[in-house]
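Quick note: the coordinates plus some simple rules give every number you see, no bench work behind them. Quick caveat, the model's predicted, so the values are computed rather than measured. FYI the Cβ positions are ideal-geometry reconstructions off the backbone, even for glycines, and counts take in every protein chain you see.
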Amino acid sequence: WIKSNAEWWASNQIDDETFVQGIQYLITNGIMNIPETKSGESSGKKIPSWIKSNAEWWASNQIDDETFVQGIQYLITNGIMTV
């Protein structure tokens, strides 16, 4: 279902918060494994547009899971998303 969420988010059918909540759920429940990532302080920054492009490409299998996870790591490291 998360690939569906990624596709919906990339096409603006769901908002950033809903998408992030889905990712947080997957990480918290051990469904998505993120390599050890130091969390940055919450920055209040918006999610960069390239992350949305990554989500779209991941949902359509144009990039692999590892590449998508690197984008999620970026969000965590820069305090855009907390887990």
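Annotations for the structure displayed:
- At most 16 other Cβ within 10 Å, DSSP loop - trypsin sites (Lys or Arg not before Pro), the stretch 41-83: 45, 46
- Only Lys, Arg (+1) and Asp, Glu (-1) charged, at Cβ; the chain dipole about Cα centre in debye: 160 debye
- Over the stretch 2-77, relative contact order from alpha-carbon pairs under 8 Å, at least 6 apart, %: 40 percent
- For the chain, the equivalent ellipsoid derived from the Cα gyration tensor has semi-axes of 18, 14, 12 Å, listed largest first.
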